[in-house]
1. Rounded, prolate or oblate: which fits the range 182-305 when a ≥ b ≥ c are the square roots of the eigenvalues of the alpha-carbon gyration tensor, with rounded for a/c under 1.5 and prolate only if a/b beats b/c?
2. Ranked from highest to lowest mean number of other Cβ atoms within 10 Å per residue, what is the order of the peptides 129-138, 347-356?
3. Obtain the nm distance between the two label points defined at residue 218 and residue 144 by a simple spin-label model: each point lies 7 Å from its Cα along the Cα-to-C-beta direction.
4. Under a plain spin-label model, where a point goes 7 Å from the Cα along Cα-to-Cβ, how far apart in nm are residue 78 and residue 345?
5. Please find the FRET efficiency linking residue 256 to residue 322, where r is the Cβ-Cβ separation and R0 is fixed at 30 Å, and quote it to the nearest 0.05.
6. Rounded, prolate or oblate, given the Cα gyration tensor of the range 256-344, with a/c below 1.5 counting as rounded?
7. To check you understand DSSP bridge types, tell me what percent of the beta bridges within the range 140-299 (both residues inside) are antiparallel, rounded to 5.
8. Separation between the residue 280 and residue 229 pseudo-spin-labels, each 7 Å from Cα along Cα→Cβ, expressed in nm?
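No lab work stands behind these numbers, since they all come straight from the coordinates. Everything numeric in this text was worked out from a predicted model, so none of it was measured. With ideal geometry, Cβ positions are generated from the backbone for all residues, glycine too; neighbour counts draw on all protein chains shown.
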Ligand code: ADP
């Protein structure tokens with residue numbers, strides 16, 4: 001019983017991957033669910049199709065990616081009715097993400113009633129951040145009542161990549177401090193001390209922190225009041241603008257960094273500014289997390305941008321020799337596993353993330369396997 005099916009249910013798609021141990025037996029994506037000409041009319045049909053296509057004998061578990069675990073979930077958790085109710089209870093914290101995961105869970109429980117189902121939360125890895133790292137200085141009674149605090153996301157990726165980095169350095173995980181930079185469509189940084197998250201950039205939702213493909217990352221909250229009061233935009237429109245029409249897209253009209261790099265190379269000023277804003281924000285958080293951690297063994301880049309964009313890595317970490325960070329331009333240009341020079345006190349690494357593998361491992365872990 002070593003097979004684990006990992007399901008990542010989004011609002012209009014389901015990504016799946018079937019593992020046997022650490023190897024992938026099958027994987028795929030059902031897209032544009034519910035849309036005309038899409039792959040399936042609803043989540044139930046999508047999951048039914050996945051189950052029909054796969055050989056699911058001998059399945060030890062189904063691992064479900066759940067974006068938001070709220071304050072309750074600090075680890076991967078075996079799903080029962082009570083767990084489903086608790087995931088439902090945090091839907092207001094993740095209205096775009098949790099309902100899709102819930103429909104995936106409901107259908108999978110119905111179609112595979114005898115297989116244990118495990119929820120693996122993007123937030124759980126950050127449960128170890130100390131109170132001063134998750135508390136905002138707002139009215140404490142409001143924060144308490146409405147569960148307003150930093151939760152952090154991309155936890156499975158930061159967990160996986162920080163562990164892989166320790167292995168790469170040949171160091172024990174519990175004595176390795178890493179700053180992980182997950183730069184994909186969404187982007188976040190994490191300070192990991194001895195295998196535990198102690199700081200991260202995303203907050204109540206996956207909106208804060210670094211500049212992303214279409215999300216703004218950090219802005220002064222007054223921007224929202226100003227857009228409402230002075231520009232007259234309704235609150236939903238402001239949210240839509242800051243989450244779907246901001247970030248690289250907001251600055252350039254392109255959400256894909258490759259397109260921004262292309263235009264920057266041709267001398268486009270908006271693309272040049274967007275690139276500089278993007279890298280400057282990464283640099284600011286690297287500085288912050290150097291100070292949070294005190295001693296840092298490695299800085300690791302991952303995800304689409306982190307794994308493939310030497311220009312971003314160079315612009316984010318260049319000129320930091322006095323802090324012990326020395327990039328090797330040739331290794332960086334070749335996207336090597338280790339891109340720092342031998343005399344760099346802090347190793348700089350490029351480690352491909354594998355969130356599905358981490359979810360499968362955590363699902364097994366939750367079953368004590
Ligand atoms: P997601 O967060 O959706 O999982 P990825 O981690 O795959 O996304 O990252 C997607 C982003 O990675 C793309 O939008 C693109 O900007 C960037 N990317 C992918 N390949 C390259 C590349 N060769 N050079 C620069 N950026 C890249």
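1. On the way: a/c = 2.27, a/b = 1.30, b/c = 1.74.
Judged from the Cα gyration tensor, the range 182-305 comes out oblate (a/c at least 1.5, b/c at or above a/b).
2. Details: 129-138: 12.4, 347-356: 22.6.
Ranked from most to least packed, the peptides come out as 347-356, 129-138.
3. Simple spin-label model gives 2.8 nm for this pair.
4. So the label points at residue 78 and residue 345 sit 4.8 nm apart.
5. Numbers: r = 34 Å, r/R0 = 1.14.
So the FRET efficiency works out to roughly 0.30.
6. Numbers: a/c = 2.09, a/b = 1.52, b/c = 1.37.
Verdict is prolate for the range 256-344.
7. Values: 11 of 13 bridges.
So the antiparallel bridges amount to about 85 percent of the total.
8. 2.6
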